[in-house]
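Derivation of every value follows stated rules applied to the coordinates shown; laboratory data play no part. On a predicted model such as this, the values are computed, not experimentally measured, just so you know. Every residue, glycine as well, gets a Cβ built from its backbone with ideal geometry; the counts of neighbours run over all protein chains shown.
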Amino acid sequence: MNTLDIATQELTSGTPIPQPERVEIPLNFTFAGKTLRGKRITEGQLVAIQMSKDDGTDALFAAVRTVIRSAVGEANWKWMNDQLLTGAVEFSEMTDVLTQLSGKTGD
């Protein structure tokens with residue numbers, strides 16, 4: 001049944017109006033002097049990184065790399081990893097990326 005919405009003076013129906021999907025807006029971040037784009041890192045991903053600390057340095061590095069790779073995409077990840085492997089940047093820049101994409105301060 002259609003009714004008149006007094007506030008807007010428009011007809012409304014009893015069926016819900018579909019809402020658009022949540023749109024993820026890419027975030028800018030800097031790495032090795034370049035500005036790149038990535039997705040926001042979730043709280044769950046940050047928790048997974050925190051939990052990996054108990055398993056040692058290798059597990060922590062792997063968790064950080066996995067989360068960043070999923071956030072920045074394959075092309076950005078390859079370039080970033082090359083910068084890391086060639087020694088152009090330190091691993092601490094990876095943790096800076098986590099901070100930038102999560103909106104949280106590092107610990």
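Seen through its C-alpha gyration tensor, with square-root eigenvalues sorted a ≥ b ≥ c, the range 37-103 comes out oblate because a/c lies at 1.5 or above while a/b is not bigger than b/c.
Quickly rank 68-80, 47-59 as a protection proxy: mean count of other C-beta atoms within 10 Å, highest first.
Result, highest mean first: 68-80, 47-59.
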